Each structure stands twice: as structure tokens, then as C-alpha cells.
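Below is one structure, written out as C-alpha cells; comments come after it.
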Amino acid sequence: MHHKKFDNSTHQTSSPSDGHITPPISTATPPYAFHIYLVTPNPEAWKTAFAAASGLLKNMDIIDRNHPHLTYTIYKGTFERFLKTHKAEAIVSLSNSFGLMDGGVDANISDYYGGADKLITHVQRRLEADWSGQQNPGTCTIVDLQDLLVGSGTTRAAGQHYPRYLLHTPIMRLPKHIDPSTDLIYRCVWAILSAVRRHNSPHNLLTPSGAQHPARINSLIMLGMGTGAGELPEETCARQMALACKHFVEAPSNGNPEEDSIEPMKNGYAKSWAYAMKVQEEVLGLGIP
């Protein structure tokens, strides 16, 4: 199968009936190369937005197997159904700043991992350590659930896969309506992608955390952001998610030689003003003031 930069072709781990194949990941794979499963019951807005973002990428039809990159699949359904036939190392939780995962989709995630009492306690312990208990909206904290899955007696349904990592990404301090004129979803997605990139760095993967050894995140499950309690239109959410992914692929830091040459580096700056203005103009193009 040919893989394109920010590819919207399907990649499946364990469901041959759908014909999906997950790209092989080796130890030489750069930390910014991983796969996103966009799981949603209503995929049309995401298909439209990601197709448009992909079309803007330079030379996206040029296949270069020597330069792995971010890829994605849009899956119609729920994450519970998805995990009956697929594997992923991480799942995104769009919770609140305090890790109170007992409402909406977060309640479903808590139930999946044995109940809110177990998962919330585990998540809040990490937030206490990293954020004094209150994580800022628009940031991402990676919570390792290995101890919860192995050592707490969590009941695991037969035939189900359980992601080891929870990508805790608050989109609000407490549940409220989200102003669609902000770039909050863009910033949340950027935080998620950057956190996974940092997690996948060789230094981190070779550094044990307590009794656990970190595992590479080859794929993650991402759900619609703010479309429930936040009442954000699906089209708005999808466009911001797609643009953040596009910019992640295009970033010079993530192996994109075209952006490296957008303007000769001056004064030792790693990024030029031309590159920064290009990103800003495309974010403003979303209709965000």
C-alpha cells in the first residue's frame, strides 16, 4: 500500500474484513510519525475537512517511504465498537481541568476502564503531580494506565482492546458552551500531537517511569472535540482539527524539507517570520478573529 504525507487512506490493525492495514512502525521511526484514528458516529464533517486540508499539502501525492509522517483514518462508530477489532496505544479524553470524567463521552471512557471511581482517581493522581490538580485547557497530559489495567483488578471484557495511555486534554475548566470563534480545538489538537511526539522521543522511551517502561504510541484514538457539552458545530471542530494536523505535518521540526526552505534562516532563527505568518494566516482563515 502506498502512503501519502498526511494520508487519508485507511490503515487497520486487526480487522481484515475492512481491508485496513496499519503502517509498520520500527524503532527507527521518527517520534512525529504515528497514526490517528478519528472515531465519530457522524464522519461526514471530518471527511470534508481533512480532505480539504490534505489537498493543501505540497506534493502530497509524491510517495517517499524514507520519510514517515502523520497519517489518519476516519472511522464511523463509537470507540467501544472500534476497540473490538482495532488496537491503539492511546485514547484522547476531552475532560475538564480537574479530571472529573463522569459525564458525556468521558463517562463512557471511565466505564470502559472499570468505572469512574477507578479511572478518575488514577487520572487525578497524575494531575496532582503535574498540575497541582488543575490542568490548563488546551494542554495534554499523558496518563499511563498500565497499573490500573494490571494491578487494580479492573474487569476487562473478552475480545476488547484497552489503550495503555489516556491523553487527558481539557477543552474547558468545567463544562460550558465553547465559543466557536476561538482556536481552542486547534490548540488542543496541537498539544496532543506534540505530547505524543515528545513521548515517542528515544530519550523518553529508554527512561523507565517507576516500575513501568514506556511504550511507543504508534496510534491513538481521537474523538470529536467540544461537540457534546461544548455545543461546538461539527464543521468548526473538524476544520480546526484538520488544520492542526496539517500544520504538524508541514512543520520543519517534523521532517518537512519544503518548509525548511520557505525562507533562508536568518540570524540563527530556527523558524522564519514567513513561516510564522503562513501558519497565522491559515489559522485566521478558519474565521477566527
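None of the figures in this text is laboratory data; all of them are computed from the coordinates on show. These numbers come from a predicted model, not from an experiment. Neighbour counts run over all protein chains shown; Cβ positions are idealised from the backbone, glycine included.
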The residues Glu234, Glu250, Glu282, sorted from fewest to most surrounding Cβ atoms within 10 Å, come out as Glu282, Glu234, Glu250
For the Glu128, Ala51 Cβ pair and Förster radius 41 Å, calculated FRET efficiency rounded to 0.05 is 0.45
Residues Ser110, Ser95, Ser181 in order from fewest to most other beta-carbon atoms within 10 Å are Ser181, Ser110, Ser95
Amide H proximity to Ser219 below 5 Å, modelled H, separation 5+ or other chain, gives His35, Glu89, Ala90
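Sort His177, His168 so that the residue with the fewest other Cβ atoms within 10 Å of its own Cβ comes first and the one with the most comes last.
His177, His168
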Residues whose modelled amide H sits under 5 Å from the amide H of Ser95, counting only those 5 or more places away in sequence or on another chain, are Thr169, Ile171
